[in-house]
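Quick notes on the structure that follows.
The values are calculated or read from the model by the stated rules, or taken from the named source; none is laboratory data. Please read all numbers here as calculations on a predicted model, not as lab measurements. Don't worry about glycine lacking a Cβ; one is built from the backbone with ideal geometry, like all the others, and counts go over all protein chains shown. Accessible surface areas use protein heavy atoms only, side chains included; no ligands, DNA or RNA. Shrake-Rupley method; radii C 1.70, N 1.55, O 1.52, S 1.80 Å.
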Amino acid sequence: MLKTLENIGHQVTDAILRLGYAARFFIYSLSVSGESLRRLPLVIREIYFTGVMSLIIILVSALFVGMVLGLQGYNTLQRYGSSEAVGVLVALALVRELGPVVTALLFAGRAGTAITAEIGLMKATEQLSAMEMMAINPIARVVAPRFWAGVISMPILAALFSLVGVFGGYLVAVQLIGVDSGAFWSQMQSNVDFRDDIVNGVIKSVVFGVACTSIALFEGYDAPPTAEGVSRATTRTVVNSSLTVLALDFILTAFMLH
Amino acid sequence: MNPVTSTPVNDNIVEIDNLSFSYGNRMLHKGINMRFPRGKVVAIMGGSGSGKTTLLRLIGGQLKPSIGAVRVEGKVVHEQDDAALYQLRRKMGMLFQFGALFTDLSVFENVAFPMREHTDLPESIIRDLVLLKLNAVGLRGARDLMPSELSGGMSRRVALARAVALDPQIIMYDEPFAGLDPISMGVIVNLIRRLNDALGATSIVVTHDVHEAFAFVDYVYFVSNGQVVAEGTPAELRESVMPFVHQFVHGEADGPVPFHYPAPDYQKDMLRGASA
């Protein structure tokens, strides 16, 4: 009994300790960011690896999500005789919620794991140590550019997700089912608000970008330098990023609707 | 007469004074003293797990000693702030055990890396310097290969070219011979000596390859159980009658360093299994 309590206590303090490390790591990465932002080619290279390479999975998923929204939305709305509102439904769902959230979840799975594994292996093969011994700060050279690349990529990916998702909804609702095209677009135009819907969506995706990228970077940097350590860190990246994104989404939505 | 203590004190580029270091509760080093005179190749030898590599990290300031100090050019390494430490590290080159090449960069870019980071040299000069360094290790022709396409010996040579890219005054080698075939080993031995003498640098070689090391180093420190148990020139140590040094130099399985990991009595251990 006492042993169990002790274990729980240890786990709680360990978790808090790690959170503290993560926070320090995050703040330190920000503090050395100036240098890497001045060297834009480094950040652009990472945007290519995290952002551009995630495009396919993001765009294909967006198309399917949009199409499903179109089907489900039409199916429900037609019972109330307002099937033209399917455009609004698809657009609002995507711009407010699904765009930022699903993009962040896919990003964590596609780019986050890649970042964690790469940095974990760089550590395991002493590449980060080698950099330190060359008097080059690995946080400034390796971590910070990846951080900014993730933060820049995420809102762009989320915007593209919403765009392609709306197109998917249009394909199903207008082209397949035959909802009036004029009503579909005009209702969407008049009911989606720039400040309340689009800007809020972008704010969400920036926050998710910061969260997902810093989790992936921290897990990689903190991974024990072994095969097992890196594999566990990769798993933790997906689990922690997903939970963080969903929890943050609730908090942000609560504030935004208020 | 001990050749190291007979040289004037200010001629030691690296000095380790009464250094103790512990990982958690485990004391890895207990009061180590070492001197590394300018221009010499000095080996640190000892069994696996005796904390030799950790010593290099202490010299490079990646770890802080619990007691004592490491001085590089008279400066206490662990008392330097980040900027000063990085300044100090620019005088050091380190060859990691498996090369630690940047896997996303080609051979050329790996060697160019420290130059690009630390200097504003124009591309044409960087190219000349990189080819010069690669030529010194015999791999000018391999400049466009990626690290994954290199053999173990070749990666280490590239890493060596990278370590000396900025003409360091101290070159540290972490197990430079581990896992190499005899030919590659001979090549590396040759390079360590040649680069040291050509650059006028000081080399610190961590290894347990007695025969390779004794053939080319100037001075040897033997480390065991966290202490320096013997030191001297290779010739002196070959004649040593100290049990540990004798066992190590002649590669005997049992001796002061036991063959068995501490275990309960063999007979009792076996019988216990039978009675269960």
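Tabulated results
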| read-out | value |
| --- | --- |
| Segment A:159-209 shape via C-alpha gyration tensor axes, a/c threshold 1.5 | oblate |
| Share of pairwise Cα separations in the protein assembly as shown, more than 36 Å, in percent | 49 |
| Total formal charge among the other residues, if their Cβ is under 11 angstrom from that of residue B:136, Lys/Arg +1 and Asp/Glu -1 | +4 |
| Sequence-distant residues sharing a close amide H with residue A:179 (under 5 Å, placed H) | A:174 |
| P(r) weight above 19 Å for segment A:94-221, C-alpha pairs, percent | 58 |
| Inter-label distance for residue B:261 and residue B:38, nm, one decimal - labels placed 7 Å from Cα along Cα-to-Cβ | 4.7 |
| Long-range amide H partners of residue B:69 with built H, under 5 Å | B:17, B:19 |
| Pairs beyond 32 Å (Cα-Cα), from B:64/B:268; B:52/B:91; B:30/B:91 | B:64/B:268 |
| Estimated vicinal HN-Hα couplings, Hz - segment A:80-96 in sequence order (Karplus 6.51, -1.76, 1.60; Gly, Pro = x) | 9, x, 10, 5, 5, 6, 4, x, 4, 4, 4, 5, 5, 4, 6, 5, 7 |
| Total formal charge among the other residues, if their Cβ is under 14 angstrom from that of residue B:48, Lys/Arg +1 and Asp/Glu -1 | -2 |
| Residues of type lysines that residue A:204 reaches as a straight line, Cα spacing below 30 Å, ignoring anything fewer than 8 places off in the same chain | none |
| Interface size B-A, as summed buried accessible area [1.4 Å probe, Å², nearest 100] | 1800 |
| Inter-label distance, nm, simple model (7 Å from Cα along the C-beta direction), residue B:242/residue A:3 | 4.6 |
| Radius, Kirkwood style, for segment B:85-175 when every pair of distinct Cα atoms is counted (Å) | 13.0 |
| Residue B:229 long-range amide H proximity, modeled H, under 5 Å | B:222, B:223, B:224 |
| Size of chain B as Cα extents on the principal axes (Å, biggest first) | 75, 46, 38 |
| DSSP bridge pairs, the protein assembly as shown: antiparallel proportion in percent, nearest 5 | 55 |
| Contact order normalised by residue count of chain B, Cα under 8 Å, 6+ apart, percent | 23 |
| Accessible area in the full protein assembly, largest first, 1.4 Å probe, for A:248, B:88, A:163 | A:163, A:248, B:88 |
| Surrounding net charge for residue A:37, when Lys and Arg each add one and Asp and Glu each subtract one, Cβ distance under 15 Å | +3 |
| Extension reserve of the residue A:53-residue A:235 stretch, reckoned as 0.36 nm per residue once the Cα distance is removed | 63.5 nm |
| Rg(Cα) / (2.2 N^0.38 Å) computed for segment A:32-257, rounded to two decimals | 1.16 |
| Order of exposure, largest accessible area first, which applies to A:170, B:261, B:266 with probe 1.4 Å | B:261, B:266, A:170 |
| Using θ = phi - 60° and Karplus 6.51 cos²θ - 1.76 cosθ + 1.60, couplings along segment A:230-239 (whole Hz; Gly, Pro as x) | 5, 5, 5, 4, 4, 4, 4, 4, 5, 5 |
| Virtual spin-label span in nm between residue A:190 and residue B:20, 7 Å along Cα→Cβ | 8.3 |
| Taking all pairs of distinct alpha-carbon atoms in segment A:1-126, Kirkwood radius in angstrom | 19.0 |
| Cα-based shape type of segment A:1-72, given that a ≥ b ≥ c are square roots of the gyration tensor eigenvalues and the cut on a/c is 1.5 | oblate |
| At least 40 Å² of accessible area lost relative to the chain alone, listed for segment B:94-119 with a 1.4 Å probe | B:96, B:100, B:102, B:104, B:113, B:117, B:118 |
| Rounded accessible area per residue of the protein assembly as shown, 1.4 Å, Å² | 49 |
| Carbon + sulfur, % of accessible area of the protein assembly as shown - ligands and nucleic acids excluded, 1.4 Å | 61 |
| Accessible surface ranking that places the most exposed of B:82, A:222 first, with a 1.4 angstrom probe | B:82, A:222 |
| Theoretical gain in end-to-end length, residue A:258 to residue A:18 [0.36 nm per residue, Cα-Cα removed] | 83.1 nm |
